[in-house]
Amino acid sequence: MYKLAISTSGEYVSAAIFEEKLLASFVSKTNRGSTGILLNQINELFDKTKANRKDLSTLYLDVGPGYYTGLRIGLSVSQGLGAVLGIPIIPVNGLDALAFAAHTSHRKICSLIDIKRSEFAYCEYMPVPGGVTRESDPQVISVESLEIKLSDDADKKLLVGNWDLIENKKILTDSNTKLAEPRFVTAENIYNVGEKIKDYPNFNEINLEYMREPDVTLSKDSLSGDVKLYD
């Protein structure tokens, strides 16, 4: 059975297909969330791997935080696939996915995701055997507040996520903070956390973790597209 992972929460649209291990993946940078890019990625994944769509058993979805439009696109496409194929959608928090990808370090891990308007979603983690545990609740933070938080914390830290979007050079040169990968959430990051989740909601009860109000309202017309569900 095959498993599909999707991330559309930021500047990058990503999809990956797995069968016990990664079979294929795509990552595309876009100025805004694009239904067409995501649908093309999904179709190309199945074409490239020759996987039968009817053998898809699970879908892992990046539910944010991130960009409002991108998150809505990912959810809409996922719910369409889930409804037609009758498969579960497992929601994964992007901050958790970033931290888990960096958990092999002994440092505290600080996950950062751009949510626009010079604000970021932020959460702290400690590495534990086989994963990470949250040390704080996710919060919305400004660049100025992030500078204070990092400089006041004497612990050795890894900063993962969208730190490359920070223009404040003082943050990026803090002596106790090491800049690390990944710099954005990918479908592979989402899959690695999603595989460990045992309890999940019905596909039509999934809540996106926006953490702030949208800049614009998403047009329903932009969600139209053709996805090949059957061979």
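Report the residue count in region 74-128 for those that are over 18 Å from the mean Cα position of the chain (by Cα) and β-branched (Val, Ile, Thr).
Adding up the residues that qualify gives 4.
In region 124-159, how many are closer than 19 Å to residue 64 by Cα and of a type outside the set (A, V, I, L, M)?
10
Within the group 129, 138, which residue is more than 12 Å from residue 102 (Cα to Cα) and out of contact with any Ser or Thr (no Cβ under 9 Å at 6 or more places or on another chain)?
Going through 129, 138 in turn, the sole match is 129.
With respect to residue 192, determine if the residue is in the same structural domain as residue 48 (by TED's automatic domain parsing) and either modelled with pLDDT under 90 or closer than 24 Å to residue 27 by Cβ (or both).
yes
Mind checking which residues of region 57-70 are surrounded by 21 or more Cβ atoms within 10 Å (Cβ to Cβ) and either part of a loop (DSSP other than H, G, I, E, B) or at pLDDT 95 or above (or both)?
Correct list: 59, 60, 61, 62, 63, 64, 65, 66, 67.
Going by the structure shown, is residue 63 touching a Leu at 6+ places or on another chain (Cβ under 8 Å) and farther than 24 Å from residue 164 by Cα?
No: the conditions fail for residue 63.
Given the criteria under 21 Å from residue 66 (Cβ atoms) and among the polar types (S, T, N, Q), does residue 162 qualify?
Yes, satisfied.
So, in region 23-45, how many residues would count as being out of contact with any Ser or Thr (no Cβ under 7 Å at 6 or more places or on another chain), farther than 11 Å from residue 6 by Cα and surrounded by 15 or more Cβ atoms within 10 Å (Cβ to Cβ)?
5
Can you go through 55, 47, 62 and tell me which one is out of contact with any Asp or Glu (no Cβ under 8 Å at 6 or more places or on another chain), of a type in the set (Asp, Glu) and without any contact (Cβ under 8 Å) to a residue 12 or more places away in the chain?
47
Look at region 46-79 and say how many of its residues are in contact with a Ser or Thr (Cβ under 6 Å, 6 or more places away or on another chain) and charged (D, E, K, R).
Number satisfying all stated conditions: 1.
Yes or no: residue 204 closer than 19 Å to residue 63 by Cα, among the polar types (S, T, N, Q) and at pLDDT below 90?
Yes; evaluated as a whole, the condition is true for this residue.
The values are calculated or read from the model by the stated rules, or taken from the named source; none is laboratory data. Only a predicted model underlies this, so the values are computations on that prediction, with no experimental measurement involved. Cβ sites come from the backbone with ideal geometry, for glycine too, and all protein chains shown count toward neighbours.
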